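Taking it in order: structure first as C-alpha cells, then the write-up.
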Amino acid sequence: MTSLPVRLWVAFLFFLSGFAALVYQVAWQRLLVVFAGGDVLAITIIVTAFMAGLGCGSFFGGVLADRGTQRRNLLLFGAAEALIAIFGLVSKPLFYDLLYLKLGGIADSRLLTALVLMLALLIPTFLMGMSLPLLARAMIHDLPAAAVKTGRLYGVNTLGAAAGAFITTWALLPLHGMEGAIRHAALLNGVCALGILPLLWLRIKKAGEAKLTANQDE
C-alpha cells in the first residue's frame, strides 16, 4: 500500500466487511433463537458456531494468502465477499423456513441443535474469516511494517463491527426489519466484492509502467 488514497480505500473495505458481519450476526442470532431457543445455552451455541467459523476461515485464509499472488488474493477476497452476499440473501428462508418450520423438532436435542447450527453457519462465517487475511496480504508487501499495518486494518474492521452491531440494533432492525437489515449487509458485501476492481486496475497499471520502464532501460 503506497499511496494515501489506496490505504484509505482498503481501510474502507475492511470497515464495510466488519460492519456487514455484525449485521449478519445480530440478525441471524434473532432468526436462529426461534429454532434453537432463547435460553443462555442456545445463544451460547449460536455465538460459538459463529466464532468457530470465523476462526477456521481466518486460519485457512492466512495460509491461502501466503501462497497466493497479489492478484489471486484480491480475486479470492472479491469472490468470498460475493458469496457472503449471496448466502445473506437466502439466509432468511434457510434459517426460518427450513430450520424452524421444517426441522424445528430436532431442537429438542442439544447435540443435534449444535450440529445443525455449526453446519448452517459454517459457510458464511468461514468466508468472512477467510476474506480479511486475503485482502491484507494482497496489499501489504514490506515485511518489517506488516504487523503495524495489519493491526491498523484489523482495528478498522473491529470499528466497523462495533458500528454494525450498534446501527443494526438501533436503526436497521427497527426501520427495515430482519430481511431489510440482511439485504443492507448483502449490499455492503457486494460493494466490497466490486471494491477490488480499482485495486486490480492499479496493479495492472503499475505492472504496465514497470514493463515500459524496463523496456526503455534496455
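The values are calculated or read from the model by the stated rules, or taken from the named source; none is laboratory data. Owing to the predicted nature of the structure, the values given are computational and were not obtained by experimental measurement. Neighbour counts are summed over all protein chains in view; Cβ atoms, including those assigned to glycine, are modelled from backbone coordinates with ideal geometry. Accessible surface is based on the protein model in full, side chains and every heavy atom, while ligands, DNA and RNA are left aside. Shrake-Rupley method; radii C 1.70, N 1.55, O 1.52, S 1.80 Å.
Heavy-atom accessible area with a 1.4 Å probe sorts W28, W201, W170, largest first, into W170, W201, W28. Averaged over its residues, the chain has an accessible area of 52 Å² per residue, based on protein heavy atoms and a 1.4 Å probe.
Legend: residues V156, V10, sorted from most to least accessible area (1.4 Å probe; ligands, DNA and RNA excluded), read V156, V10.
Based on DSSP H runs of at least 4 residues, each adding -39500 (n - 2.57), what is the mean residue ellipticity at 222 nm of the chain after dividing by all its residues, to the nearest 500 deg cm²/dmol? Result for the chain: -29500 deg cm²/dmol, rounded to the nearest 500. Once the Cα atoms are used to define both axes, helix 173-194 deviates from the longest principal axis of the chain by about 30 degrees.
Between the Cα long axis of helix 146-167 and the first principal axis of the chain there is an angle of about 40°, rounded to the nearest 10.
Computed from the Cβ-Cβ distance with R0 of 22 Å, the FRET efficiency linking E179 to L41 stands at 0.20.
Rounded to the nearest 10 degrees, the inclination of helix 70-92 to the longest alpha-carbon principal axis of the chain is 20 degrees. Given (i) 36, 30, 17; (ii) 37, 17, 15; (iii) 27, 21, 18 as candidate values of semi-axes √(5λ) of the Cα gyration tensor in Å, which corresponds to the one derived from the coordinates? Label (ii) holds the value from this structure. For the chain, with all protein chains in place and a probe radius of 1.4 Å, 71% of the accessible heavy-atom surface sits on carbon or sulfur. Note on exposure: E179, E81 ranked by accessible area (1.4 Å probe, complete protein assembly) read E179, E81, with the most exposed listed first. Here is the list for region 101-191: trypsin sites (Lys or Arg not before Pro) lying in DSSP coil, each with at most 12 other C-beta atoms within 10 angstrom of its C-beta, are K102. Oblate is the label for region 57-117, because a/c, from the alpha-carbon gyration tensor with a ≥ b ≥ c as root eigenvalues, is 1.5 or above and a/b does not exceed b/c.
Relative contact order for the chain: 42 percent, from Cα pairs under 8 Å spaced at least 6 residues apart, divided by residue count.
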